[in-house]
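Here the structure comes first, spelled out in structure tokens, and everything after it is commentary.
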Amino acid sequence: MKNNNKLNQWIILLVLCNLFFFTACSTDTKNSQEAAVIANTVIARITEKAQSASTPTDKSIATPNATSTPESQTVDDSLVLNMEYLIVEEEKISNCSTAIDTMTASFLEIVDNADLLFDQTHIDKVNSEIDDYVTYCTSMGQKDPPTAMKVVNDYLLLANQENKKAADYIRDGFNNLDGNSLDNATNHLSMGTSYIGLARDELNSIRESLPSE
């Protein structure tokens with residue numbers, strides 16, 4: 001009975017954490033769409049510049065043999081890399097939120113029907129959803145991010161570590177009805193969510209600083 005109560009308490013904490021995470025992430029979906037529009041605008045502008053630069057306006061002007069990359073082109077290339085990173089990582093964050101949401105729904109079913117704790121079909125379903133949580137919530141960030149995104153990337157890598165630990169404790173606590181593991185899962189899940197929140201805040205600040213036209 002004590003373990004069942006501990007599981008119910010943990011599920012409530014998971015739901016609260018997910019509600020916070022999902023609400024914030026739904027805002028990210030809108031931001032991600034806005035970022036895509038900005039990226040397309042930036043890429044179109046850079047393409048136009050490149051085409052203009054490659055078309056001589058005076059045929060009497062000889063084309064130099066040696067070419068160099070204009071400073072403005074370097075800046076534009078960096079901008080595109082930043083935008084690509086922003087869009088990719090916000091999609092990863094959204095996928096992570098969906099995985100948590102799905103896992104939470106299955107735990108809520110247990111709250112309504114404790115017999116599911118001993119239902120092998122439901123047990124297998126939850127373990128599969130924990131696998132998805134690992135897949136989507138421990139693969140955020142990149143090995144070689146753009147310089148401007150390093151702080152964001154560091155937060156996401158820290159979130160990956162916390163989510164991996166949370167997943168291990170969730171699985172152990174759920175399958176063995178271990179109260180201590182469930183407590184540890186809550187702590188690491190909360191830390192993972194906090195790091196994602198910090199990364200999201202940094203992404204929003206960077207997005208606001210990027211030109212939109």
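Quick one: in the range 199-213, of everything that is hydrophobic (A, V, I, L, M, F, W, C) and surrounded by 17 or more Cβ atoms within 10 Å (Cβ to Cβ), which residue is modelled with the highest pLDDT? First the steps, then the outcome.
Initial filter on the range 199-213 (hydrophobic (A, V, I, L, M, F, W, C)): 199, 203, 206, 210.
Narrowing further to those that are surrounded by 17 or more Cβ atoms within 10 Å (Cβ to Cβ): 199, 203, 206.
Values: ALA199: 93, LEU203: 88, ILE206: 83.
This residue is ALA199.
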Inset, instruction - Provide a single number: the residues in the range 135-154 that are over 15 Å from GLU202 (Cα atoms), open to solvent by less than 70 Å² (accessible area, probe 1.4 Å) and part of a helix (DSSP H, G or I). - result: 1
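Residue-by-condition table, conditions (1) in a helix (DSSP H, G or I); (2) among the small types (Gly, Ala, Ser); (3) out of contact with any Cys (no Cβ under 8 Å at 6 or more places or on another chain):
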position	(1), (2), (3)
ARG171	yes, no, yes
PHE174	yes, no, yes
ASN180	yes, no, yes
HIS188	yes, no, yes
THR193	yes, no, no
GLY197	yes, yes, yes
SER205	yes, yes, yes
Legend entry - Residue check for SER128: open to solvent by 40 Å² or more (accessible area, probe 1.4 Å) and outside any helix (DSSP H, G or I): no
Inset, instruction - Please work out which one of (1) over 20 Å from TYR85 (Cβ atoms); (2) out of contact with any helix residue (DSSP H, G or I) (no Cβ under 6 Å at 6 or more places or on another chain) is the condition ILE170 fails and give its number. - result: (2)
Legend entry - Cβ-Cβ under 9 Å pairs, at least 6 apart or on other chains, the range 161-172 side open to solvent by 80 Å² or more (accessible area, probe 1.4 Å), far side assigned to a helix (DSSP H, G or I) and aromatic (Phe, Trp, Tyr): GLN161/TYR195
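Run down ASP119, ASP112, ASP101 and say which single residue is over 16 Å from LEU177 (Cα atoms), free of Cβ contacts under 8 Å to residues at least 12 places away in the same chain and not basic (Lys, Arg).
On the way: ASP119 fails: over 16 Å from LEU177 (Cα atoms); ASP101 fails: free of Cβ contacts under 8 Å to residues at least 12 places away in the same chain.
After ruling out the rest, the residue left standing is ASP112.
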Legend entry - ASP183, sole failed condition from (1) surrounded by 15 or more Cβ atoms within 10 Å (Cβ to Cβ); (2) modelled with pLDDT of 95 or more: (2)
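The values are calculated or read from the model by the stated rules, or taken from the named source; none is laboratory data. Note that the structure is predicted; figures quoted are calculated from it, not measured. Because the Cβ atoms are built from the backbone with ideal geometry, glycine has one as well, and the counts that use them run over all protein chains shown. Surface accessibility is based on the protein's heavy atoms, side chains included, excluding ligands, DNA and RNA. Shrake-Rupley method; radii C 1.70, N 1.55, O 1.52, S 1.80 Å.
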